[in-house]
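Colleague: Take this structure, written in structure tokens, and hold onto it; I'll ask about it next.
The values are calculated or read from the model by the stated rules, or taken from the named source; none is laboratory data. A quick note: this is a predicted structure, and the numbers were derived from the prediction, not measured. Cβ placement follows ideal geometry from the backbone for every residue including glycine, while neighbour counts extend to all protein chains displayed.
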Amino acid sequence: MLSVQLKRPAREKNYRVAEAYKTLRTNIQFCGVENKVIMLTSSMPGEGKSATSFNLAASLGEIGKKVLLIDADMRRSNLVNRYKVEARVKGLSEFLSGQNGIDEVLYLTNIPNVHIIFAGAMPPNPAELLNNRIFTKTIEKLRDLYDYIIIDTPPLGSVADAAVISQVSDGIIFVCASGFIRRKMAQDMVRQLSATKCKILGTVLTRVEKGGKGYYGKYYGKYGDYYGEYGKGDN
């Protein structure tokens, strides 16, 4: 297996951030062992979805769980830049298009117990690549190798890729940034997710000001609030 070094931004090491992810991790575990493949999506770019995916995977790895993080946002991935990956990496797009085998896109990371498949080069047909038997069969095989598979998907309000990925997932986490979108849009996205027949495990609320109040705090919060500036500028 190939290896790669990831450099986490300082703000991701913040104590409050770490505690928030411990809470999220605990709630994921209480959802049941049958929920192994978990996808994260949001309404729009910039709500902290990719950062949440990465740090959830890292938090699960901290307690000894073997975790695979799949960056399936092939249209607008920022994981390579965000975590300052210096090596040239191949990813999901190269694998699904038949250019590389799974062993050539599966990376061992310096984050304990966390492996990663990057998005790869942006293809002209992401939805078609995801909606094929290769992706489905690969996820089924990987289930036997990992305790959790975390899939970072494109925002639901932008493209249909997340709906496709939901077909191979056991559960969905909806990431929503406080004050970023209107409540009605968030409700519409939840209804759209419900239509996929994939279980909605809950919602992570990002970019919440400490002590702030508002309708987001009432409407969301199964996993608890996620405070601070963290997540800004992230997909």
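Colleague: If you scan the range 133-184, which residues turn out to be under 20 Å from Ser97 (Cβ atoms) and either of a type in the set (Ser, Thr, Tyr) or surrounded by fewer than 18 Cβ atoms within 10 Å (Cβ to Cβ) (or both)?
Modeller: Result: Arg133, Ile134, Thr136, Lys137, Thr138, Glu140, Lys141, Thr153, Val159, Ala160, Gln167.
Colleague: Give the residue that is farthest from Thr203 (Cα to Cα), with candidates limited to residues of the range 1-47 that are modelled with pLDDT under 90, in a loop (DSSP other than H, G, I, E, B) and touching a strand residue (DSSP E or B) at 6+ places or on another chain (Cβ under 9 Å).
Modeller: Once the filter is applied, the top-ranked residue is Met1.
Colleague: Which residues, taken from the range 48-74, are part of a loop (DSSP other than H, G, I, E, B) and small (Gly, Ala, Ser)?
Modeller: Residues satisfying the conditions are Gly48, Gly64, Ala72.
Colleague: Here is a follow-up. What do you reckon, is Leu193 modelled with pLDDT of 80 or more, aliphatic (A, V, I, L, M) and buried (at least 19 other Cβ atoms within 10 Å of the Cβ)? Before you say what the answer is, go through the steps one by one.
Modeller: On the way: modelled with pLDDT of 80 or more: no; aliphatic (A, V, I, L, M): yes; buried (at least 19 other Cβ atoms within 10 Å of the Cβ): yes.
Judged against the criteria, Leu193 is not a match.
Results for (1) aliphatic (A, V, I, L, M); (2) at pLDDT 95 or above; (3) within 18 Å of the chain's Cα centre (by Cα), shown as yes or no for each residue.
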position	(1), (2), (3)
Pro124	no, no, no
Leu130	yes, no, yes
Lys137	no, yes, no
Asp147	no, yes, yes
Ile151	yes, yes, yes
Ala162	yes, no, yes
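Colleague: Then there is this: Can you tell me which residues in the range 141-161 are in a helix (DSSP H, G or I) and in contact with a helix residue (DSSP H, G or I) (Cβ under 8 Å, 6 or more places away or on another chain)?
Modeller: Residue satisfying the conditions is Asp161 alone.
Colleague: Right, something else. Of the residues in the range 63-108, how many are of a type in the set (S, T, N, Q), surrounded by fewer than 19 Cβ atoms within 10 Å (Cβ to Cβ) and closer than 18 Å to Leu142 by Cβ?
Modeller: Counting residues in the range 63-108 that are of a type in the set (S, T, N, Q), surrounded by fewer than 19 Cβ atoms within 10 Å (Cβ to Cβ) and closer than 18 Å to Leu142 by Cβ gives 1.
Colleague: So how many residues does the range 1-20 have that are crowded, with 16+ Cβ neighbours inside 10 Å and without any contact (Cβ under 8 Å) to a residue 60 or more places away in the chain? If you could, list the steps in order and put the result at the bottom.
Modeller: Applying the first criterion (crowded, with 16+ Cβ neighbours inside 10 Å) to the range 1-20 yields 4, 6, 8, 12, 17, 20.
This time we only want the ones that are without any contact (Cβ under 8 Å) to a residue 60 or more places away in the chain, so: none.
Number satisfying all stated conditions: 0.
Colleague: Additional query: Filter the range 99-122 for residues that are at pLDDT 95 or above and farther than 23 Å from Lys66 by Cα and give the result.
Modeller: Gln99, Asn100
Colleague: Further, regarding this structure: Asn27 is checked against (1) buried (at least 17 other Cβ atoms within 10 Å of the Cβ); (2) more than 13 Å from the chain's Cα centre (by Cα) and fails just one. What number does that condition carry?
Modeller: (1) is the only condition that Asn27 fails.
Colleague: To continue, here is another question. Quick check: anything in the range 124-137 outside any loop (DSSP other than H, G, I, E, B) and under 15 Å from Leu68 (Cα atoms)? Before the answer, list the steps.
Modeller: Start the filter on the range 124-137 by keeping residues that are outside any loop (DSSP other than H, G, I, E, B), which leaves 126-130, 133-137.
Remaining after also requiring under 15 Å from Leu68 (Cα atoms): 135.
The answer is yes, given that some residue of the range 124-137 is outside any loop (DSSP other than H, G, I, E, B) and under 15 Å from Leu68 (Cα atoms).
Colleague: Right, next: Between residues in the range 126-149 that are among the charged types (D, E, K, R) and residues that are assigned to a helix (DSSP H, G or I) and surrounded by fewer than 19 Cβ atoms within 10 Å (Cβ to Cβ), which pairs lie under 9 Å by C-beta distance while being six or more apart or on different chains?
Modeller: Here the result reads Lys141/Ile102, each pair linking the range 126-149 to a residue that is assigned to a helix (DSSP H, G or I) and surrounded by fewer than 19 Cβ atoms within 10 Å (Cβ to Cβ).
Colleague: Go through the range 43-54 and count every residue that is on the phi < 0 side of the Ramachandran plot, buried (at least 23 other Cβ atoms within 10 Å of the Cβ), of a type outside the set (D, E, K, R) and touching a Phe, Trp or Tyr at 6+ places or on another chain (Cβ under 9 Å).
Modeller: Summing the residues that are on the phi < 0 side of the Ramachandran plot, buried (at least 23 other Cβ atoms within 10 Å of the Cβ), of a type outside the set (D, E, K, R) and touching a Phe, Trp or Tyr at 6+ places or on another chain (Cβ under 9 Å) in the range 43-54 gives 4.
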